[in-house]
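Asker: Okay, here's the structure, questions in a sec.
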Amino acid sequence: MKKLDCYENPSWVSHAVVYQIFPDRFKNSGRVEHQEAIDLQPWGSIPSQKGFQGGDLYGVIEVLDYLQDMGITCIYLNPIFLSSANHRYHTSDYFNVDPILGGNIALENLILNLHQRGMKIILDGVFNHCGRGFWAFNDLLENGKDSAYLNWFQVYKWPLIPYPKARQDCGYRCWWNDAALPKFNYGNVNVRKYIISVARFWIEKGIDGWRLDVPDEIPIDFWKEFRLNIKELNPDVWILGEIWGDARPWLKGDAFDGVMNYRIGWSSLSWVAGERLRETYSNPSYPLKKLDSECYLDVLDETYSWYSKDINNCQLNLLDSHDVPRALNTLREDIKALKISLLLLFLQPGAPCIYYGTERGLSGGSEPKCREAFPWDSSQNSDLENFIGSLAKMRRTLTALSEYPFAWEVEGSDVISGVLDQMNNPSLRNCRIRAFINRNRKSSFDLTSHSGKLFFSLGLFEKSKMRLGAQSAVLLSSPL
């Protein structure tokens with residue numbers, strides 16, 4: 001087995017554009033026979049914690065052209081294994097894809113189709129806890145203290161009460177005191193072996209990475225063991241942790257390759273929105289609060305300073321997800337502000353991630369409202385699809401982003417600028433890219449003291465007058 005320092009982070013991540021899919025709400029293909037025997041909620045029903053609307057993996061296959069045309073190179077699927085919940089974080093069987101989604105055959109077909117296109121796929125690994133329907137926990141409920149799986153879980157009181165009443169103790173450790181989610185006992189070597197066998201099984205089936213749910217609640221020494229076992233199979237696999245803040249303990253090269261970089265999301269939205277920021281969502285790990293330009297850049301600088309260049313290149317940068325209000329909701333349905341936020345997302349090192357439906361203007365609030373069904377019968381705000389495609393194309397040209405971040409500075413109370421030097425670039429040669437971003441909703445910004453060739457623009461830029469309009473951005477290139 002190789003030493004830890006022999007496993008380099010996957011190089012493909014820094015060039016990836018990721019699309020996160022909540023499977024039950026993305027697309028129904030009408031091809032899953034199992035769905036004919038069950039009652040589904042109507043497509044587009046108000047999102048709720050219970051019930052299925054019937055999105056499936058064949059539906060994802062059907063729209064791969066659509067995703068690829070938008071510049072997407074990797075999809076990240078929320079949990080897909082057998083579960084009693086539409087979000088599928090209540091896992092019942094880690095070796096079987098939920099039949100409502102099309103089962104294992106559907107996943108194998110999806111992997112094949114993606115790889116034929118040169119695209120990647122990462123799955124959601126929910127390994128801190130399982131659902132009440134998980135076979136080993138079911139054995140524990142049936143056999144009590146005589147269960148062969150007693151030590152797989154953290155039991156502290158008998159009898160076990162898996163469906164407790166208010167203020168009633170269930171008798172076992174569970175995630176956030178939810179009796180539906182019994183926690184595994186990672187002090188048990190057999191639990192560790194089982195989870196690693198699951199991870200290896202799907203790597204061998206061809207997936208390109210794992211997004212690991214609440215990994216900070218699992219001992220870090222397990223993740224070091226996990227990394228060795230996974231990288232042994234495929235050193236290019238992306239191991240991505242769901243750590244919302246400072247992740248330095250997990251990003252020393254012996255655990256994860258990167259984390260979900262929520263700091264990029266909440267800080268960018270908070271700065272771009274300014275006085276119109278919707279601040280009703282309360283989460284200390286995703287603190288939506290008005291930021292001036294200096295504070296925003298301080299967040300970016302601090303985040304980059306925590307990690308090495310290789311780690312920054314393996315971060316998953318996102319504005320929103322299934323766990324937080326959609327970006328457009330936070331921005332109070334301001335499409336111009338959303339476009340600026342997306343531009344900022346694509347100008348960071350690491351992999352930008354688009355949450356499904358962003359390109360159609362979905363604007364649901366706190367979960368489960370942010371888990372709406374994709375409106376395939378509507379072209380509302382479809383210009384966002386073209387805009388995201390243009391960002392992906394621009395990013396492919398900015399090859400220096402895989403080496404360094406933009407060097408940002410404050411230009412004014414509502415304007416920031418950034419510099420990125422491109423060296424040995426086949427299409428740009430040696431040049432300097434300077435970005436200017438104006439969040440102000442009324443005032444333009446004078447750029448007469450600057451010069452350069454137009455590389456990319458958003459909103460209004462008067463080249464003859466060197467004026468950057470309100471809620472606009474421009475990237476200029478000049479020789480080094």
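Asker: Provide a single number: the residues in the range 224-274 that are among the charged types (D, E, K, R), in a helix (DSSP H, G or I) and either over 17 Å from S308 (Cβ atoms) or not assigned by TED's automatic domain parsing to the domain that holds G209 (or both).
Answerer: 4
Asker: Here's a follow-up. Kindly check whether there is at least one residue in the range 107-125 that is out of contact with any Lys or Arg (no Cβ under 7 Å at 6 or more places or on another chain) and over 30 Å from L67 (Cβ atoms).
Answerer: no
Asker: Let me ask something else. Show the residue pairs meeting these rules: Cβ distance below 8 Å; 6+ apart or different chains; first residue within the range 190-208 and on the phi > 0 side of the Ramachandran plot; second residue surrounded by fewer than 16 Cβ atoms within 10 Å (Cβ to Cβ).
Answerer: Every condition considered, the pairs that remain are G206/E108; G206/L112; G206/H115.
Asker: Out of the residues in the range 302-323 that are touching a residue at least 60 places away in the same chain (Cβ under 8 Å) and aliphatic (A, V, I, L, M), state the one that is surrounded by the fewest Cβ atoms within 10 Å (Cβ to Cβ).
Answerer: Restricting to residues being touching a residue at least 60 places away in the same chain (Cβ under 8 Å) and aliphatic (A, V, I, L, M), the top hit is I311.
Asker: In addition: With V419, V474, V415 as the choices, which residue is surrounded by fewer than 16 Cβ atoms within 10 Å (Cβ to Cβ) and either closer than 29 Å to Y286 by Cα or of a type in the set (V, I, T) (or both)?
Answerer: V419
Asker: So, one more: Only residues that are surrounded by 15 or more Cβ atoms within 10 Å (Cβ to Cβ) and hydrophobic (A, V, I, L, M, F, W, C): list them for the range 120-140, please.
Answerer: I121, I122, L123, V126, F127, C130, F134, A136, F137, L140, listed by residue number.
Asker: Just to be sure, is N78 within 22 Å of A351 (Cα to Cα), surrounded by 21 or more Cβ atoms within 10 Å (Cβ to Cβ) and touching a helix residue (DSSP H, G or I) at 6+ places or on another chain (Cβ under 7 Å)?
Answerer: Yes: the conditions hold for N78.
Asker: From (1) over 26 Å from V17 (Cα atoms); (2) in contact with a helix residue (DSSP H, G or I) (Cβ under 8 Å, 6 or more places away or on another chain); (3) crowded, with 20+ Cβ neighbours inside 10 Å, pick out the condition that doesn't hold for H90.
Answerer: (2)
Asker: Search the range 191-249 for residues being among the β-branched types (V, I, T), surrounded by fewer than 19 Cβ atoms within 10 Å (Cβ to Cβ) and in contact with a helix residue (DSSP H, G or I) (Cβ under 8 Å, 6 or more places away or on another chain), and hand back the single one that is nearest to R88 (Cα to Cα). Full working, then the answer.
Answerer: So the first thing to find is which residues in the range 191-249 are among the β-branched types (V, I, T), and the list is 191, 195-196, 198, 203, 207, 214, 218, 220, 230, 237, 239, 243.
Adding the requirement that they be surrounded by fewer than 19 Cβ atoms within 10 Å (Cβ to Cβ) leaves 196, 198, 214, 220.
When the remaining residues are screened for being in contact with a helix residue (DSSP H, G or I) (Cβ under 8 Å, 6 or more places away or on another chain), the result is 196, 214, 220.
On the way: I196: 20, V214: 15, I220: 24 Å.
Among residues in the range 191-249 that are among the β-branched types (V, I, T), surrounded by fewer than 19 Cβ atoms within 10 Å (Cβ to Cβ) and in contact with a helix residue (DSSP H, G or I) (Cβ under 8 Å, 6 or more places away or on another chain), the one nearest to R88 (Cα to Cα) is V214.
Asker: What's the number of the only condition in (1) assigned to a helix (DSSP H, G or I); (2) in contact with a Gly (Cβ under 9 Å, 6 or more places away or on another chain); (3) hydroxyl-bearing (S, T, Y) that S321 fails to meet?
Answerer: (1)
Asker: Which is at pLDDT 95 or above, among the hydrophobic types (A, V, I, L, M, F, W, C) and more than 19 Å from the chain's Cα centre (by Cα), of A273, A373?
Answerer: A273
Asker: Then there is this: Taking the range 196-223 on its own, how many of its residues are under 22 Å from the mean Cα position of the chain (by Cα) and part of a helix (DSSP H, G or I)?
Answerer: Going through the range 196-223 one residue at a time, the tally reaches 10.
Asker: Output the residue which, of all residues in the range 152-176 that are touching a helix residue (DSSP H, G or I) at 6+ places or on another chain (Cβ under 8 Å) and within 26 Å of D213 (Cβ to Cβ), is surrounded by the most Cβ atoms within 10 Å (Cβ to Cβ).
Answerer: For the range 152-176, the residue satisfying everything is F153.
Asker: Restricting to the range 66-81, what's the tally of residues that are among the polar types (S, T, N, Q) and assigned to a helix (DSSP H, G or I)?
Answerer: Of the residues in that region, 1 qualify.
Asker: Considering (1) in a loop (DSSP other than H, G, I, E, B); (2) of a type in the set (A, V, I, L, M); (3) farther than 30 Å from F222 by Cα, say which one A85 fails and leave the rest.
Answerer: (3)
Asker: Here is a further query. Of the conditions (1) closer than 25 Å to T397 by Cβ; (2) within 16 Å of the chain's Cα centre (by Cα), L347 clears all except one; give me its number.
Answerer: Looking at each condition in turn, L347 falls short on (2).
Asker: In the range 36-65, which residue that is among the charged types (D, E, K, R) and not in a helix (DSSP H, G or I) is surrounded by the most Cβ atoms within 10 Å (Cβ to Cβ)?
Answerer: D56
The values are calculated or read from the model by the stated rules, or taken from the named source; none is laboratory data. Nothing here was measured: the structure is a model prediction, and the numbers come from that model. Reconstructed Cβ throughout: ideal geometry from the backbone, glycine too, with neighbour counts over all protein chains shown.
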